[in-house]
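Here the structure is laid out as structure tokens; the discussion comes afterwards.
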Amino acid sequence: MAGTLVVQTAFLGDLVLTIPLLRELKRARPDAPLTLVTTPLGAKTLAGQRCVDALVVFDKNGNDRGALGLLRLGREIRSHAPGVTLAAQRSARTGLLALLSGAPVRIGFEGAPGRFAYTRKVAWDPAAHAVRRYLALAAAAGGDPAGADPRPRLEVDPAAGERAARLLLDAGIEPDKKVLAVAPGSVWGTKRWIPEGFTAVVAEAARRGLAPVLVGSEAERELCGAISAAANVPAANVAGRCGIPELVAVLSRAVALVSNDSGSGHVAAAVGTPVVAIFGPTVTAFGYTPFGGENRIVERSGLPCRPCDRHGPAVCPLGHFRCMREIEPERVLAALDEVLAARERRGGV
């Protein structure tokens, strides 16, 4: 059977929310090899996951930048001879990749910039969660979006789990400690809650007997270190010291994650760890909250300037940054108490 190809080269969170689509396509077309075109970070995230048979890396901001990179990638994905290509991202570049795949059936969203390339178009429901929007693409490929399991799930690689355990132990986190993961960073400047807020949460969490572990990229290591130092409590800073497989393992070990509206929240939810996510310039109506009823969103409601951007600009357009500055640590801690109490009731803490 000709293979299935999915193009998803957006951010980490988008990729995690696409996992139910990948799983449903594999269920609907079990004999068709499933290939995913994704970013270098996305490939590290889904390496070894059973819902994907092959990964094609598109380094759109690096080696594959520009027209020549697009053509090279087109030749590579055409070599997989897909019978069906699905575009899980709404961009003109995604449409071009679908066209270059050579698949006779090309599925994408109505109204997307890349719609010129699609032989079958699926409605984009702005009121639905992103998981449901991505899953809707499966129907045009023989899947059953309504009956599919909508929960994004990531499996912990055993070797990465061992590396993560050693990393935590080296950072002073004994195996019996209850880890609270804290992710204060984001690619988008205004999506970052104020450092003073995270500092207060880290300090209080330690006083409550939790072991705070700050996670993030190498670029966020200094931020995590400053928060840890200001909290003046035992806290581990592993930002930049673990890859995505190890981050998955660390988050699976945690009793909860406190984060911004960022990819780490989606990763945590996908390994069953409850999330307290802090939303500033973006809103839950966009459909990109961590999936699952146990997660909590903390936000400053009632501001006429929210949302100010689909992602979150580098700086507040109005200069006051009220959407983040007016979120008190007490509200975040109260939400954390809620998710921990729910976890304890089901025997998870």
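Worth pointing out:
- Subset tally (residues that are of a type in the set (Lys, Arg) and part of a helix (DSSP H, G or I)) for the range 198-235: 2
- From Gly312, Gly280, Gly302, residue being of a type outside the set (Phe, Trp, Tyr), in the same structural domain as Gly225 (by TED's automatic domain parsing), surrounded by 16 or more Cβ atoms within 10 Å (Cβ to Cβ) and at pLDDT 95 or above: Gly280
- From Gly209, Gly189, Gly265, residue being at positive phi and either out of contact with any Leu (no Cβ under 6 Å at 6 or more places or on another chain) or surrounded by fewer than 24 Cβ atoms within 10 Å (Cβ to Cβ) (or both): Gly209
- Test for Val283: is it over 27 Å from Pro307 (Cα atoms) and under 20 Å from the mean Cα position of the chain (by Cα): no
- Counted residues, the range 244-262 - those being within 12 Å of the chain's Cα centre (by Cα), of a type in the set (Gly, Ala, Ser) and surrounded by fewer than 23 Cβ atoms within 10 Å (Cβ to Cβ): 0
- The range 323-337: number of residues that are surrounded by 15 or more Cβ atoms within 10 Å (Cβ to Cβ) and either closer than 16 Å to Leu210 by Cβ or not assigned by TED's automatic domain parsing to the domain that holds Val298 (or both): 5
- Condition met for Asp261 (within 30 Å of Tyr134 (Cα to Cα), charged (D, E, K, R) and outside the structural domain of Ala127 (by TED's automatic domain parsing)): yes
- Selection within the range 108-145 - among the β-branched types (Val, Ile, Thr), crowded, with 17+ Cβ neighbours inside 10 Å and in contact with a strand residue (DSSP E or B) (Cβ under 7 Å, 6 or more places away or on another chain): Val122
- Only residues that are basic (Lys, Arg) and outside the structural domain of Ala211 (by TED's automatic domain parsing) were counted across the range 137-169, and they come to 2.
- Segments classed as strands (runs of 3 or more DSSP E), wholly inside the range 27-88, with at least 3 members that are within 30 Å of Asp144 (Cβ to Cβ) and not aliphatic (A, V, I, L, M): 82-87
- Within the range 16-31, the set of residues being touching a Ser or Thr at 6+ places or on another chain (Cβ under 6 Å) and either buried (at least 23 other Cβ atoms within 10 Å of the Cβ) or among the hydroxyl-bearing types (Ser, Thr, Tyr) (or both) comprises Leu25 only.
- Enumeration of residues in the range 287-328 that are of a type in the set (Lys, Arg) and more than 19 Å from Val275 (Cβ to Cβ): Arg306, Arg310, Arg322, Arg325
- Taking the range 192-206 as the range and being surrounded by 21 or more Cβ atoms within 10 Å (Cβ to Cβ) and among the charged types (D, E, K, R) as the test, only Arg192 passes.
- Any hit, the range 212-235, residues being touching a residue at least 60 places away in the same chain (Cβ under 8 Å), among the hydrophobic types (A, V, I, L, M, F, W, C) and in contact with a helix residue (DSSP H, G or I) (Cβ under 8 Å, 6 or more places away or on another chain): no
The values are calculated or read from the model by the stated rules, or taken from the named source; none is laboratory data. The model shown is predicted, which means the values in this text are computed figures rather than measured ones. All Cβ positions, glycine included, derive from the backbone under ideal geometry; neighbour counts span all protein chains shown.
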